[in-house]
Amino acid sequence: MLVVNKVISIFKKFSWFKRFNAKVTYEVLAKYIPAADWHFMNYGYIPNIKEIEVNIAPFEVKDQQHSANMYHYLACKATFTGKTVLEIGSGRGGGARYVAGNFNPVQYVGLDIAKNAVHLARKLHILPNLSFVQGSGESLAVDSNSIDVVMNVESCHGYGDVKNFLSEVLRVLKPGGHLLLVDFRNSVENMDLFKQELKDSGLTLLSEENISANVVAAIESDDGSKRAKIESLVPPRYQKLFCDFAGVVGSRFYTTLKDGTRPYYRFVLVKPS
């Protein structure tokens, strides 16, 4: 397993492999684990006390409340009522359903590179203002200056060319439109590189927050329920691998997030008017 992980880490330096790896991973997950009660794929978020006081209370969900929180407190960073929203990397669609159903956008489109994920989201989440399409965040089949808000949750770390992604976001956003983004990088140096890419994107950075501790708290709070769900959904021979992927307590993802070597940030950017 160590050899396999080392080989994969080497290949992840190549753009084509990052795209391939992301697509295959989420195609497989959607096809072989189409659980109707597993809607979110982010690691979760527990807000600060001050943040709870400032923002509206999260809407309750049946499962994965902390993962819903990730979308809730990100969506609180912009106005959604009457707006056109594009989520790039919508996965199983739970976040799209949460925001489309509770923040009153006139249209919310969830876009994902994995065809199986799109089909699953269409099956699980049906609202009049919500739709799902297959596509790449690096080449959007979307009109220029047509989107009010772009959402991107734990997704762009898997893109082959982040600069292309940001260029496309800049193109499709209306002047004054927002990019709301949360994501991690596997080192402080790579997060610094990403921050520079954001600064060079043509978008104006309104805020950046290190939310690593909030994500760690969510992982710790959800550990028991997450392990139980993995045991119920995943064949035994794949459970350890899936626990590592899911970032349970003790996994490499959790350990590096907690010790600060894998930073997780929230960004709010706007397209200049």
Which numbered condition Ala228 misses (of (1) out of contact with any Pro (no Cβ under 7 Å at 6 or more places or on another chain); (2) touching a residue at least 12 places away in the same chain (Cβ under 8 Å)): (2)
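For residues in segment 42-81 being among the basic types (Lys, Arg) and not in a helix (DSSP H, G or I), which is nearest to Glu154 (Cα to Cα)? If you could, list the steps in order and put the result at the bottom.
Step one: of segment 42-81, the residues among the basic types (Lys, Arg) are 50, 62, 77.
Now restrict to residues that are not in a helix (DSSP H, G or I): 62, 77.
Numbers: Lys62: 22, Lys77: 17 Å.
The residue in question is Lys77.
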Conditions first: (1) over 16 Å from the mean Cα position of the chain (by Cα); (2) farther than 30 Å from Asp200 by Cα; (3) surrounded by 24 or more Cβ atoms within 10 Å (Cβ to Cβ); (4) β-branched (Val, Ile, Thr). Ile147 passes all but one, so which condition is the exception? (2)
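Pick out the one residue from Lys77, Lys83 that is surrounded by fewer than 22 Cβ atoms within 10 Å (Cβ to Cβ), in contact (Cβ under 8 Å) with a residue 12 or more places away in the chain and more than 20 Å from Ser212 (Cβ to Cβ).
Values: Lys77 fails: more than 20 Å from Ser212 (Cβ to Cβ).
After ruling out the rest, the residue left standing is Lys83.
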Here are the criteria: (1) surrounded by fewer than 22 Cβ atoms within 10 Å (Cβ to Cβ); (2) not in a helix (DSSP H, G or I). Tell me which single one Lys163 does not satisfy. (2)
Please go through (1) loosely packed, with under 15 Cβ neighbours inside 10 Å; (2) of a type in the set (Gly, Ala, Ser); (3) touching a residue at least 12 places away in the same chain (Cβ under 8 Å); (4) within 22 Å of His39 (Cα to Cα) for Ser273 and return the number of the only condition it doesn't satisfy. (4)
Residue by residue through segment 214-259, note down the ones that are surrounded by 15 or more Cβ atoms within 10 Å (Cβ to Cβ), of a type in the set (A, V, I, L, M, F, W, C) and either within 12 Å of His66 (Cα to Cα) or more than 17 Å from the chain's Cα centre (by Cα) (or both). Val215, Val216, Ala217, Ala218, Ile219, Ile230, Leu233, Val234, Phe242, Cys243, Val248, Val249
Quick one: how many residues across segment 188-239 are under 25 Å from Gly260 (Cβ atoms), outside any strand (DSSP E or B) and hydrophobic (A, V, I, L, M, F, W, C)? 12
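Got a sec? Which of Val234, Val215 is in contact (Cβ under 8 Å) with a residue 40 or more places away in the chain and touching a strand residue (DSSP E or B) at 6+ places or on another chain (Cβ under 6 Å)? I'd like the intermediate steps shown before the answer.
Details: Val234 fails: touching a strand residue (DSSP E or B) at 6+ places or on another chain (Cβ under 6 Å).
That would be Val215, the only listed residue that is in contact (Cβ under 8 Å) with a residue 40 or more places away in the chain and touching a strand residue (DSSP E or B) at 6+ places or on another chain (Cβ under 6 Å).
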With respect to Gln196, determine if the residue is surrounded by fewer than 18 Cβ atoms within 10 Å (Cβ to Cβ), free of Cβ contacts under 8 Å to residues at least 12 places away in the same chain, more than 22 Å from Gly44 (Cβ to Cβ) and among the polar types (S, T, N, Q). yes
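Read the figures in this text as sums done on the coordinates, not as results from a lab. Treat the numbers as computed from the prediction; the structure is a model and nothing was measured. Every residue, glycine as well, gets a Cβ built from its backbone with ideal geometry; the counts of neighbours run over all protein chains shown.
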